[in-house]
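Comments concern the structure below.
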Amino acid sequence: MRCFMTKVMSRVSVSAGIFSSSVGALVLAGWALDSAVLKSVVPGFVVMKANTAFGFVLVGAALWLKGREGGNPRAARYAGALVWTLAALACLTLAQNEYGIDFGIDNALFREAARGDGAPPGRMAPVTAVSFLLLALALLLSGVRYDKAHCAAQVLAALAGLAGFLATIGYIHDLPVFYSYAYPEPPGYPDFK
């Protein structure tokens, strides 16, 4: 039974990886072609940021490689490099939000014009960055040969999935509390002159 479930989950992982990478690649193509239809996954919804699309490509490619690796050390190394890149992207985005600094990663792929809502142009939502970080940690833990690590990986992936599910419900029912986030003002520090 375990062998059958391993094969099924491997196929699910490969399929999810292909789907995620395809969505990310289509959105990046939308940015390259300046196509509003391709930039937004569902017409009428908010435009996906280029960094978010890049994150989808990274997590999808890592899932695909992990599902197909079958003990191939080269595939495992490539998947690890993709996962670490995803984790770095998520951590840098969260650091920008928390400390009010700009590393220049938001518009590194494509430039986005400033909007009137106070969100930095091109920056993915903090909940997206947290979800990418959770997925990166889950993928890293999934490679550890320890049962508790696999349980932790499943919990982290489920939390990331829950965040995505809530965002989808928020979009469908026009409940911004589920998908938006007010960008905090950078902390004020006293001037010791």
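Laid out as a table, the results:
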| quantity | calculated |
| --- | --- |
| Per-residue SASA entry for residue 169, accessible area with 1.4 Å probe, Å² rounded to 10 | 50 |
| Hydrodynamic radius (Kirkwood) for the stretch 60-155, which is based on Cα pairs only, to one decimal in Å | 14.8 |
| Cα centroid separation - the stretch 86-105 against the stretch 116-148, whole Å | 12 |
| Within a Gaussian network of the chain (alpha carbon springs, distance under 10 Å), most fluctuating of 134, 162, 58 | 162 |
| Using alpha carbons only: equivalent-ellipsoid semi-axes of the chain, gyration tensor based, whole Å | 31, 20, 17 |
| The chain - percent of accessible surface contributed by carbon and sulfur, probe 1.4 Å | 67 |
| Residue 148 accessible area, assembled protein chains, probe 1.4 Å, Å² | 140 |
| Per residue value of the accessible surface for the stretch 42-173 (all protein chains in place, 1.4 Å probe), Å² | 55 |
| Linear extension gain, residue 114 paired with residue 162, 0.36 nm per residue minus alpha-carbon span | 14.3 nm |
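The values are calculated or read from the model by the stated rules, or taken from the named source; none is laboratory data. Every value quoted in this text rests on a predicted model; they were computed, and no experiment measured them. These accessible areas exclude ligands, DNA and RNA; they are computed on the full protein's heavy atoms, side chains included. Shrake-Rupley method; radii C 1.70, N 1.55, O 1.52, S 1.80 Å.
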